[in-house]
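Notes follow the structure.
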Ligand SMILES: [Mg+2]
Ligand SMILES: [Zn+2]
């Protein structure tokens, strides 16, 4: 067997499910697959900048182990030998973990995150760590201390954020699978703007142990892929109860793979929330969204109009809760035990060194949120800000509960606009925050949501994402609906959307 | 809600141990003022009688048995230390008491 | 800082009424830390008992130790508290290098136990009720070693070395309501409260509560108000007062200091103060101004604790006999006065005495040794009775040897001295030092004969009926046998040999 160029081209375009099947059948070896993806990374990542760290040796060693298992006749898991791009927010023993921040440059954790451990146990091949907005704070990956990532559809545009490295790796065929984390939309929004699939599982569905915390009550790791089925296969690998995470759900993982294999919306009640449109929404985005709703109707869904008034306060509540929690979570970066230390010249005190290090090690967005959170939690403001934000959270949850009495899933655009040019919103935090308008309510309520491609906006030819939202613990509904919509679109377009992306 | 002043930002930066430079204080003060102005809307619900949500899922009583699990080795624990001495994390002199 | 001339204690209390608040931190004796599985064993190699969680590594998460919660509930119940049906942990945010996350996982406005009381018995037998505000769960910090300054003090140090083995060890913080109405006895109440609390904690089996090892640490908050005034004065917070005696001294000192400041027209600054063992004084620490803002909020990484009523009742049923009740029972069993029992308690001798009795000693002897020889030794060496290098079993063995006549009191004291000196158990010391009572009748008879021969005059007196003179001969024999004879038997032999009968 040869790994000729055309073979590389062929291998990298396979879905994760196909790749795993070919490895299991012996048609491809895991080493071939890994080498093909490493070659692709070599070829394009200089332009895309999706990876902060490529673990060539580790990936090949894992691939060889998979091949050896197969040769020994051992049963392989459903994603054995499939390469994956891991967001640089999960700790990896022996491999750098920076969270996109200077303050952790060169930090090599002494332990694996639960997600990392599960991926390894499932024989998934971790290619390396992907770029992200510093500490997952951002919607464009421009806040990475290591420079921005390009959107493979148009390298001058943002790949979404915070998980822009993961979405770009998928869209540029550097990896068929990726892991993201979603605090306010950081899986779904990058998926939407890169024409890929991303799922924020129910809060507590995927362990947060070893996932560097931004906002503990909102953060959730999840699968990123190019197809709904691939996302489901990855979901099943990383989800499940973890005794090391107190907020982890101690219940069976919803049957996501089964749902993805049996896509259907016939007879389902699909909600459309009136608060998810209006000012700030790009025309092409609304057009593709409306077409998606029409499509679901054609597929047999019943469309129900919903009113969720408290969603109007979601963004405000989010920008109080997330910064508050982050101001506390990021206090540990103090130059004492790990990470950057600045100004330790033998005369300065620990207090001064901590302050100097945090000043030098954190980027603007991180500092902004730390200060905002410190403010919202401080005595005198707590009730008005943090306390009220938590009440809003209750109201949003109640709106969802009422909605889900009437519908099985809710749909919306994932993000109000398509990918914007790198630099456009860089110093306009409020404009940047609007990118998460539709994704945030789900984080606040803790339920599950997916983004999948629903076409290109006519005005700029950039991908538009359709968001599907399900009740907590009903993650399988996302896949059932998502698979049906995906199949219908692929049939309509004649090919997956990503094939329309320019070659790099 | 009143706006946020440069002095307040300086105070918050001290609480958060951030050695902000002068121009940064001005820059942030302006931006934070905008952001707070926008998000202050949440206080519309301050007088509503709804319970605050601190945790998205209603879990309670998640506890572990009092059983020893392996610790890191001291080498692992200290592996990321900017400085160490006598198998301890070496830090600059500490000014205040806790 | 200006040095204020203290006001005499009596004068201070003639003008002012003290109000105290006591905050006690107890390190639980769980096998593992509060939020991770690291061992809590003391005195291990630096940083050998740490993990991502207690080091605060990025990505790590806490999980609550069930025994930590159970211990908190037991303490709450024993303090007659209500137990929360639902409560949360909160983050207390402040930077300090010995605190890995730069927040302490604690409880804020939702403590697990609240609204209780502890009755303490004062020296004169009177019961004083101390109201309990709350008992909550939290975690300890790491330990700093300050290098380059004078004797490990923070001031003047060039740098510090941090060991996080202690970081994350479970603490229960027990806070009293303002203690009013103790008057001149405030320091005594403070001491009695801490002593009673320590007994209670030990009886519950949730901690050994050794103050000298920092397992129990006390902060004494104190304010004065003029007699008749309802509002409290400004308080000072004397931190880390770590022995019963110090608690009493710190309260006393602060009463005198506050009075001096107030008398001179000054105002008390709300500040923390450091207590100094050497002279019982306190000095100013950190001023508690409004810059301090802990920004408490509910810990999002931990879910609420909602102890079921069944669990709480089960724990209530399992509570041991409470120390004061037990003490009264033992007092009757041992037949001692209230006052003696108080002394036994103050000396920390109850448990050693009980254990010694259980090991085979009679109550009177057990009490005699622990409150006599051993208490003296502990006092002289500045140690706790419990930390003396002698076990209740060894003390019991000594009392048995005395009872069977192998030792007399004088020899027994030497045996105990030997054990304390590390010469082995009582039998080893007897053996090595050759301390058996000389009961060999032949050897004793010879010694008596020699004494009679050497003291013919005295012997004659005795023969003539002056039996009282026998004492001198007994002394001579005891001297000759280096004290190892049974004095009563020697006397018998002398009288026998001289043909005299007593009475
Ligand atoms: Mg405390
Ligand atoms: Zn630990």
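Readers should treat all values here as calculations from the given coordinates under stated rules, not as data from a laboratory. This is a predicted model, so every value here is computed, not measured. Glycine gets a Cβ as well: all are built from the backbone with ideal geometry, and neighbour counts include every protein chain shown.
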key: Among beta bridges that DSSP assigns inside chain A, antiparallel share in %, nearest 5   = 65
task = Under 17 Å from a label point 7 Å along Cα→Cβ of residue B:48: give me every residue in segment A:384-418 with its amide N that close.
result = A:384-404
request  = Express the C-alpha Rg of segment A:1-110 as a ratio against the empirical globular expectation 2.2 N^0.38 Å, rounded to two decimals.
outcome  = 1.15
request  = With viscosity set to 0.692 mPa s and temperature to 37 °C, compute the Stokes-Einstein D of segment C:72-116, Rh being the Kirkwood radius across alpha carbon pairs; µm²/s, no decimals.
outcome  = 281
query = For chain A, what percent of Cα pairs sit more than 28 Å apart?
reply = 49
request  = Only Cα pairs under 8 Å and at least 6 apart count here; give the relative contact order of chain B as a rounded whole percent.
outcome  = 18
query = Using the C-alpha gyration tensor of chain B, what are the square roots of 5 times its eigenvalues, in whole angstrom, with the largest one first?
reply = 38, 29, 11
inquiry  = 7 Å from Cα along Cα→Cβ at both residue B:5 and residue A:269: what's the point-to-point distance in nm?
reply    = 5.5
key: Number of partner chain Cβ atoms within 10 Å, mean per residue of C:88-97   = 6
ask   = Taking the Cα atoms only, what angle lies between the long axis of helix C:392-403 and the longest principal axis of chain C, rounded to 10 degrees?
value = 20
request  = Rank these for me by crowding, A:454, A:224, going from fewest to most other beta carbons within 10 Å.
outcome  = A:454, A:224
inquiry  = As a test of the definition: which semi-axes, in Å, follow for segment A:49-158 when you take the square root of five times each eigenvalue of its alpha carbon gyration tensor? Largest first, please.
reply    = 29, 16, 11
note = The Rg/Rh figure for segment C:185-301, Cα atoms and Kirkwood Rh, to two decimals is 1.03
ask   = For peptide C:223-229, how many partner chain Cβ atoms fall within 10 Å of a residue's Cβ, on average?
value = 0
note = Expected sort for A:75, A:391, C:432, C:177 with the fewest Cβ neighbours (10 Å cutoff) up front is A:75, C:432, C:177, A:391
request  = Note down the relative contact order for chain A as a percent, whole number, built from C-alpha pairs under 8 angstrom at least six residues apart.
outcome  = 17
task = Just report the Cα centroid separation between segment C:134-175 and segment A:293-360, whole Å.
result = 30
query = To two decimal places, what compactness ratio does segment C:171-245 give when its Cα radius of gyration is scaled by 2.2 N^0.38 Å?
reply = 1.22
request  = Would you mind getting the Kirkwood hydrodynamic radius of segment A:192-312 from its Cα pairs, rounded to one decimal in Å?
outcome  = 16.8
key: Helix B:22-39 axis, angle to chain B major axis (alpha carbon atoms, nearest 10°)   = 70
key: Convex hull of Cα atoms in segment B:1-48, direction-averaged projection (nm²)   = 3.7
ask   = Scaled to the compact-protein estimate 2.2 N^0.38 Å, what is the alpha-carbon radius of gyration of segment C:428-503, rounded to two decimal places?
value = 1.13
message = Return the Rg/Rh ratio of segment A:304-463 with Cα-based radii and a Kirkwood Rh.
response = 1.07
key: Relative contact order (percent, whole number), chain C, Cα cutoff 8 Å, 6+ residue spacing   = 14
task = Round to the nearest 10 and give me the degree value, 0 to 90, for the angle of helix C:470-480's Cα axis relative to the longest principal axis of chain C.
result = 70
Burial ordering of A:248, A:378, C:39, fewest other beta-carbon atoms within 10 Å first = C:39, A:378, A:248
request  = Sticking with the crude label model, points 7 Å out along Cα→Cβ, report the distance from residue B:14 to residue C:82 in nm, one decimal please.
outcome  = 4.0
query = How much FRET efficiency would the formula 1/(1 + (r/R0)^6) give for residue C:482 and residue C:326, where r is the Cβ-Cβ distance and R0 is 35 Å, rounded to 0.05?
reply = 0.20
ask   = In nm, to one decimal, how far is the residue C:351 label point from the residue C:279 one, both placed 7 Å along Cα→Cβ?
value = 3.5
inquiry  = From the P(r) of segment C:358-495, could you give the percentage of C-alpha pairs in the tail past 17 Å?
reply    = 63
message = Please report, in whole Å³, the volume per residue of the convex hull around the C-alpha atoms of segment C:321-433.
response = 98
note = Quarter of the surface of the C-alpha convex hull for the protein assembly as shown, i.e. direction-averaged projected area in nm², equals 55.1
key: Principal axis dimensions, largest first and in whole angstrom, of segment A:103-223 by Cα   = 36, 30, 29
